[in-house]
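The values are calculated or read from the model by the stated rules, or taken from the named source; none is laboratory data. The model shown is predicted, which means the values in this text are computed figures rather than measured ones. No Cβ is skipped: glycine too gets one built from the backbone with ideal geometry, and neighbour counts run over all protein chains shown. Note: areas computed on protein heavy atoms with side chains; ligands, DNA, RNA excluded. Shrake-Rupley method; radii C 1.70, N 1.55, O 1.52, S 1.80 Å.
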Protein chains: 4
Amino acid sequence: MRLAMIGLGRMGGNMARRLRRGGIEVVGYNRSREVVDALAAEEGLIAADSPEDAVSRLAAPRLVWLMLPAGAVTESHLERLYPLLAAGDVIIDGGNANYHDSQRRGARLAEQGIHFVDAGTSGGVWGLDNGYCLMVGGEAAAIELLTPALQVLAPAPDRGWAHVGPVGAGHFTKMVHNGIEYGMMQALAEGLALLKGKTEFDLDLAQIGELWRHGSVVRSWLLDLTAEALQQDQDLADIAPVVADSGEGRWTAVEAIDQGVALPVISLALAMRFASQDETGYANRLLAMMRNAFGGHAVEKS
Amino acid sequence: MRLAMIGLGRMGGNMARRLRRGGIEVVGYNRSREVVDALAAEEGLIAADSPEDAVSRLAAPRLVWLMLPAGAVTESHLERLYPLLAAGDVIIDGGNANYHDSQRRGARLAEQGIHFVDAGTSGGVWGLDNGYCLMVGGEAAAIELLTPALQVLAPAPDRGWAHVGPVGAGHFTKMVHNGIEYGMMQALAEGLALLKGKTEFDLDLAQIGELWRHGSVVRSWLLDLTAEALQQDQDLADIAPVVADSGEGRWTAVEAIDQGVALPVISLALAMRFASQDETGYANRLLAMMRNAFGGHAVEKS
Amino acid sequence: MRLAMIGLGRMGGNMARRLRRGGIEVVGYNRSREVVDALAAEEGLIAADSPEDAVSRLAAPRLVWLMLPAGAVTESHLERLYPLLAAGDVIIDGGNANYHDSQRRGARLAEQGIHFVDAGTSGGVWGLDNGYCLMVGGEAAAIELLTPALQVLAPAPDRGWAHVGPVGAGHFTKMVHNGIEYGMMQALAEGLALLKGKTEFDLDLAQIGELWRHGSVVRSWLLDLTAEALQQDQDLADIAPVVADSGEGRWTAVEAIDQGVALPVISLALAMRFASQDETGYANRLLAMMRNAFGGHAVEKS
Amino acid sequence: MRLAMIGLGRMGGNMARRLRRGGIEVVGYNRSREVVDALAAEEGLIAADSPEDAVSRLAAPRLVWLMLPAGAVTESHLERLYPLLAAGDVIIDGGNANYHDSQRRGARLAEQGIHFVDAGTSGGVWGLDNGYCLMVGGEAAAIELLTPALQVLAPAPDRGWAHVGPVGAGHFTKMVHNGIEYGMMQALAEGLALLKGKTEFDLDLAQIGELWRHGSVVRSWLLDLTAEALQQDQDLADIAPVVADSGEGRWTAVEAIDQGVALPVISLALAMRFASQDETGYANRLLAMMRNAFGGHAVEKS
């Protein structure tokens, strides 16, 4: 089996590696050529100079897997690929696209008989060794063509990947996964901060993190990683208290509003990230001002 | 009618003034003597050197009103007053005591036949001119003795004060009032911050604050004060984004937990104040660390 | 001055009345003719059979004010009006449109030289007597033409209406106003529920609501209305515990996500409304199931 | 090694079993005798008729482990045990006590030279097979005496148990663990409800739950259990949407308020449980009433 991987960054590069190690032929293209050459040398990747070159090295039905930043970059590559493909070919978007975009793209390609598969992919930098969790949307026929690759990418051939629904359902499921992740992370961080705040007990967070990994109700992969990081450093003085957010957390919160479904904790976890990013503190300045205005409470001068 | 006012700070001093202007005789005591002398000179307050002196200038049934910081200061003054009073006398606590404390104090005094009245008082620095909102708990007989003073302190004799229930009910009602205040303030601040963030419209927050005061659904005293403050300054660059909290917001949130009643927005408004006070940012550092651990996302160095 | 009012429902009908009583000539159209006839008889409204008829009764520059449900109804009426208008005319949308729609409509009309004004309108059923709060976006020239009408609709000629910014800014400001309203309402409801839950004090919520209206920090129009309603009935046994939401609360929460601004309390107030509407209770069933799965905790059978 | 286990319910009974299977001699007492007899027959437990009898079957230093409901039941058993014990003996409370109670009890026993150990215990009904996570507070000397039992109870001798700090630190750590659990559960339930709400994709939640167990960021023990339960039933029509809460979630939220630490998501997860338990819907009735009062919006009749 052979497929083309377009985008060999942190995710795409490791996925190409894992595919190669699983015996899949991979044609690889990346904006910066060094990555391609390295993978060609190390893993036997078939190097391509351009998306066009990558496609030309495939036989019908051609399988083209994109691992690119969602939004404009993915869109422009898709525009470039459309004229190169024909009925029966399959484009897989493994990036973090908004599922509405995937539905739109799938409908457009369907007019030409090209299959679109949205493969929400989780696993981060650990996926190379542990395998990726793949939430796949699209037509059964297309996914059948991909199955050998999915079996290699997943933690095991029979688990960690699934065909969850029609086009869009893969990215939708991945989006919700990330929303849950926001809430779980926030809960874990809050609890650890409460432990840290209890100075009278002088708790060792690295010890407790490790302890909870075994037999507790909160044992989880996020805890595994957290416990390991706390072993190195539990003061975190070098890390700024600013939490970035990605599209998927935002989309989850918007989806809840669109559905009219209450997602209080996930939405709040997102808002707390926004608060962490806020350099102006304007709402808090307003509140301090109001307290002063009605109660004569002193305000701290900044 | 004559009463003693113990504590002539921002609240007690203005209340003594308002009582005097309403024709009530006020014996006043304050830790720092200058305040007493000034009120004696300006308003005809009867100066007292000590709580004991203040009580000695009253005739039975003696009415002693405390306007002191809740907690240890109020407790120590009460301990000092107990032996000076007799059955039929009335102690009024107009401070922001926890209602459990008021219940405990009331029960203790009741054993000696002394009345305890908890008079939750709202109005801040504006109460002198506008009158105070008084939420009064205690026995009807005691409150009847106080009525002339309550009628003067309130915005009008027949409104802005009420006997809401037994001892403790006054401070309880004031506590919940403050909890609502936290939520309203936070909602207002969030909305104004969203207006501010919409830079493409270059909105004038002072104009909008003033506008909303007339005919809108959100018109309120908090908005009145906010609009006025925004007229002076809408950048608030001199005000630190740190929002203090008082006992009553915390007690409201704890009461909800004790009752098992959901107070999501009020509790969250309190948590946002805590977040504004947090100099460590530990929870956010943890979150940034976790993102790095699983996704290889770069962390901002602090 | 003469304008046409398209849509004479709860809002539009009362606005037409207020305009008439302020001496403005109003041509009125409504889907159901009875409303038009009644207003013609009572207030001297100039009846129109159709939007076309309404426009034909105006002289250039024609002022056409829409008070219609946002979304499809407003859109279809706008489509019908476009060909009837010419450069220099003004369409005012006083409904609760999404500001993005207003920006789109304004841009389209601007190509033909037609002015678009978005007039966010607050005041509900009380606006007829109290006046409306009008947050107006658009070009100064267009708003100048409207000024006599705005002065009549507002609580007073010089307050309660303002030109807040370009097209879209009016509906944007109204949207945020409603977001604040959600948070304030939720805070008030939570606090009152906590009073109600304190059965040992047997509090009279009607009394406390009325009390807080005078001198307290939480005094507000929402409290005025709540206190009045509680006078009639404080058990509310006849009212279902289901809180509807309108577009503007949702849009406010989505705007916050788009801006990346934290709106924790307003967003949560919206989520609590969604929770009140949820007939499935699915998230809660899942939680009960999980507790059973890990702890053997009994689940309540439904 | 021999210890007494007082309380052989769901937790204590299984812990006695696991201790026996690990070669520890266990003297067991339970209010209802059948449980004692069954464990004696099945596992070789040494049956005791009363706490006094249990203590009498131990040699100094005596180790008495309580697995009882926190609060009054634990308190009354402790009162009964105090006079039976002597300096050097160890009482272990493995229940879910409030850490303030444990500190108080520890201080009292310390006066008599009796050791108090608070052993927060997680693992639920799965602990028998998987081992328990034990968060232990107290003096090192006492914990050393217990170590063989802790090694058997934990998932492995060298992990899943730890001496985390002085008396109180064990129950404190367990309390925070449960707070995190509340947040994680809520996040997971919200996400699954959002999947369920997306009817257009007709997602199979059992499939997705199982899928996420492998390679995803949200993989966790809570997900393992949830996925397994969803295999049996994903409609959950038989489970009432009512989520009980235990002391520890409440205490975590109160601790945050005492510390002045923001715990927004954990506190909100608790509030959502309260909301699920609320049969009155009073806050929501108030909100529906307010909407009617200001906007004339129809209320649903209940």
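Need the failing condition index for B:Asn30 against (1) without any contact (Cβ under 8 Å) to a residue 40 or more places away in the chain; (2) open to solvent by 40 Å² or more (accessible area, probe 1.4 Å), just the number.
In the conditions (1) without any contact (Cβ under 8 Å) to a residue 40 or more places away in the chain; (2) open to solvent by 40 Å² or more (accessible area, probe 1.4 Å), B:Asn30 misses (2) alone.
Report every pair of residues separated by at least 6 positions or lying on different chains whose Cβ atoms are under 6 Å apart, first residue within the stretch C:227-255 and at pLDDT 95 or above, second of a type in the set (Gly, Ala, Ser) and surrounded by fewer than 19 Cβ atoms within 10 Å (Cβ to Cβ).
The qualifying pairs are C:Leu230/C:Ala206; C:Gln231/C:Ala206; C:Gln234/C:Ala206; C:Ala240/D:Ser302.
Check the stretch D:265-276 and report whether any residue there is surrounded by fewer than 24 Cβ atoms within 10 Å (Cβ to Cβ), within 22 Å of D:Ala70 (Cα to Cα) and at pLDDT 95 or above.
Within the stretch D:265-276 (the criterion being surrounded by fewer than 24 Cβ atoms within 10 Å (Cβ to Cβ), within 22 Å of D:Ala70 (Cα to Cα) and at pLDDT 95 or above), the answer is yes, since at least one residue qualifies.
Starting from the stretch A:38-60, take each residue that is under 28 Å from A:Ala87 (Cβ atoms) and at pLDDT 95 or above and list its partners that are assigned to a loop (DSSP other than H, G, I, E, B) and among the basic types (Lys, Arg), counting only C-beta distances under 8 angstrom and pairs at least six apart or across chains.
A:Ile46/A:Arg57; A:Ala48/A:Arg57; A:Val55/A:Arg62
Kindly establish whether A:Ala141 is surrounded by fewer than 22 Cβ atoms within 10 Å (Cβ to Cβ), on the phi < 0 side of the Ramachandran plot and part of a helix (DSSP H, G or I).
Numbers: surrounded by fewer than 22 Cβ atoms within 10 Å (Cβ to Cβ): yes; on the phi < 0 side of the Ramachandran plot: yes; part of a helix (DSSP H, G or I): yes.
In short, yes.
Criterion first (closer than 30 Å to D:Ala227 by Cβ, at pLDDT 95 or above, aliphatic (A, V, I, L, M) and crowded, with 24+ Cβ neighbours inside 10 Å) does C:Ala283 satisfy it? Before you say what the answer is, go through the steps one by one.
Values: closer than 30 Å to D:Ala227 by Cβ: yes; at pLDDT 95 or above: yes; aliphatic (A, V, I, L, M): yes; crowded, with 24+ Cβ neighbours inside 10 Å: yes.
Answer is yes for this residue.
Consider A:Val243 carefully, then state whether it is farther than 24 Å from C:Ala244 by Cβ, crowded, with 19+ Cβ neighbours inside 10 Å and in contact with a Ser or Thr (Cβ under 6 Å, 6 or more places away or on another chain).
On the way: farther than 24 Å from C:Ala244 by Cβ: yes; crowded, with 19+ Cβ neighbours inside 10 Å: yes; in contact with a Ser or Thr (Cβ under 6 Å, 6 or more places away or on another chain): yes.
Against the criterion (farther than 24 Å from C:Ala244 by Cβ, crowded, with 19+ Cβ neighbours inside 10 Å and in contact with a Ser or Thr (Cβ under 6 Å, 6 or more places away or on another chain)), A:Val243 qualifies.
Answer yes if at least one residue in the stretch D:179-187 is over 19 Å from the mean Cα position of the chain (by Cα) and open to solvent by less than 10 Å² (accessible area, probe 1.4 Å), and no otherwise. I'd like the intermediate steps shown before the answer.
Start the filter on the stretch D:179-187 by keeping residues that are over 19 Å from the mean Cα position of the chain (by Cα), which leaves D:187.
Then keep just the ones that are open to solvent by less than 10 Å² (accessible area, probe 1.4 Å); that gives D:187.
Taking every residue of the stretch D:179-187 in turn, at least one turns out to be over 19 Å from the mean Cα position of the chain (by Cα) and open to solvent by less than 10 Å² (accessible area, probe 1.4 Å).
For the stretch B:115-138, what are the residues that are outside any helix (DSSP H, G or I) and within 11 Å of chain C (Cβ to nearest Cβ)? Give the derivation first.
We begin by selecting, within the stretch B:115-138, every residue outside any helix (DSSP H, G or I); these are B:115-123, B:131-138.
Passing the criteria: B:Gly120, B:Thr121, B:Ser122, B:Gly123, B:Gly131, B:Tyr132, B:Cys133, B:Leu134, B:Met135, B:Val136, B:Gly137.
Sort through C:Ser102, C:Ser56 and tell me the only one that's in the same structural domain as C:Met11 (by TED's automatic domain parsing) and surrounded by fewer than 18 Cβ atoms within 10 Å (Cβ to Cβ).
Details: C:Ser102 fails: surrounded by fewer than 18 Cβ atoms within 10 Å (Cβ to Cβ).
After applying the criteria, what remains is C:Ser56.
If B:Pro83 satisfies all but one of (1) surrounded by fewer than 15 Cβ atoms within 10 Å (Cβ to Cβ); (2) assigned to a strand (DSSP E or B), what's the number of the condition it fails?
Going through (1) surrounded by fewer than 15 Cβ atoms within 10 Å (Cβ to Cβ); (2) assigned to a strand (DSSP E or B) one by one, B:Pro83 breaks only (2).
Take D:Leu263 and tell me if it is within 12 Å of chain C (Cβ to nearest Cβ) and farther than 16 Å from C:Gln186 by Cβ. Steps first, please.
Working: within 12 Å of chain C (Cβ to nearest Cβ): no; farther than 16 Å from C:Gln186 by Cβ: yes.
So D:Leu263 fails the test.
Restricting the search to the stretch B:202-237, which residues are facing another protein chain (nearest Cβ under 7 Å), of a type in the set (S, T, N, Q) and under 14 Å from B:Ala189 (Cα atoms)?
B:Ser220, B:Thr226, listed by residue number.
Out of C:Arg213, C:Arg273, C:Arg291, C:Arg219, I need the residue that is closer than 30 Å to D:Leu223 by Cβ, more than 21 Å from the chain's Cα centre (by Cα) and basic (Lys, Arg). Which one? Walk me through how you get there before you give the answer.
Numbers: C:Arg213 fails: closer than 30 Å to D:Leu223 by Cβ; C:Arg273 fails: more than 21 Å from the chain's Cα centre (by Cα); C:Arg219 fails: closer than 30 Å to D:Leu223 by Cβ.
Answer to the check: C:Arg291.
So for the stretch A:196-205 (the condition being open to solvent by less than 10 Å² (accessible area, probe 1.4 Å), modelled with pLDDT of 95 or more and closer than 27 Å to A:Ser102 by Cβ), does at least one residue qualify?
There is no residue in the stretch A:196-205 that is open to solvent by less than 10 Å² (accessible area, probe 1.4 Å), modelled with pLDDT of 95 or more and closer than 27 Å to A:Ser102 by Cβ.
Collect the residues in the stretch B:146-169 that are assigned to a helix (DSSP H, G or I) and surrounded by fewer than 20 Cβ atoms within 10 Å (Cβ to Cβ), keeping them in residue-number order.
Of the stretch B:146-169, the ones assigned to a helix (DSSP H, G or I) are B:146-153, B:169.
Residues satisfying the conditions are B:Thr147, B:Pro148, B:Gln151.
Collect the residues in the stretch C:202-223 that are out of contact with any Phe, Trp or Tyr (no Cβ under 9 Å at 6 or more places or on another chain), free of Cβ contacts under 8 Å to residues at least 12 places away in the same chain and within 12 Å of B:Ala162 (Cα to Cα), keeping them in residue-number order.
Of everything in the stretch C:202-223, just one residue is out of contact with any Phe, Trp or Tyr (no Cβ under 9 Å at 6 or more places or on another chain), free of Cβ contacts under 8 Å to residues at least 12 places away in the same chain and within 12 Å of B:Ala162 (Cα to Cα), namely C:Gln207.
Look through the stretch A:113-128, keep the residues that are over 23 Å from D:Asp202 (Cα atoms) and either among the aliphatic types (A, V, I, L, M) or at pLDDT 95 or above (or both), and return whichever of them is least open to solvent (accessible area, probe 1.4 Å).
As a first pass, look at the stretch A:113-128 and keep what is over 23 Å from D:Asp202 (Cα atoms): A:113-114, A:123-128.
Now narrow it down to the ones that are either among the aliphatic types (A, V, I, L, M) or at pLDDT 95 or above (or both): A:113-114, A:125, A:128.
Working: A:Gly113: 31, A:Ile114: 4, A:Val125: 53, A:Leu128: 34 Å².
Looking at the filtered set, the residue picked out is A:Ile114.
Just name the residue that is nearest to C:Ala237 (Cα to Cα) out of those in the stretch C:172-201 that are of a type in the set (Lys, Arg) and more than 7 Å from chain B (Cβ to nearest Cβ). Reasoning before the result, please.
Taking the stretch C:172-201 first, the residues of a type in the set (Lys, Arg) are C:174, C:196, C:198.
Remaining after also requiring more than 7 Å from chain B (Cβ to nearest Cβ): C:174, C:196.
Working: C:Lys174: 32, C:Lys196: 13 Å.
By that ranking, first place goes to C:Lys196.
Is it the case that some residue within the stretch D:113-133 is more than 15 Å from the chain's Cα centre (by Cα) and in contact (Cβ under 8 Å) with a residue 60 or more places away in the chain? Outline the logic, then answer.
First, pick out the residues of the stretch D:113-133 that are more than 15 Å from the chain's Cα centre (by Cα): D:113-117, D:129-130.
Right, trim to in contact (Cβ under 8 Å) with a residue 60 or more places away in the chain and you get none.
Scanning the stretch D:113-133 turns up no residue that is more than 15 Å from the chain's Cα centre (by Cα) and in contact (Cβ under 8 Å) with a residue 60 or more places away in the chain.
Checking C:Ala240 against (1) within 9 Å of chain D (Cβ to nearest Cβ); (2) closer than 20 Å to B:Ala169 by Cα, only one condition comes out false. Which one?
Tallying (1) within 9 Å of chain D (Cβ to nearest Cβ); (2) closer than 20 Å to B:Ala169 by Cα, C:Ala240 fails exactly one: (2).
For the stretch A:269-302, name all the residues that are within 7 Å of another protein chain (Cβ to nearest Cβ), part of a loop (DSSP other than H, G, I, E, B) and over 24 Å from A:Leu188 (Cα atoms).
A:Gly281, A:Gly296, A:His297, A:Val299, A:Glu300, A:Ser302, listed by residue number.
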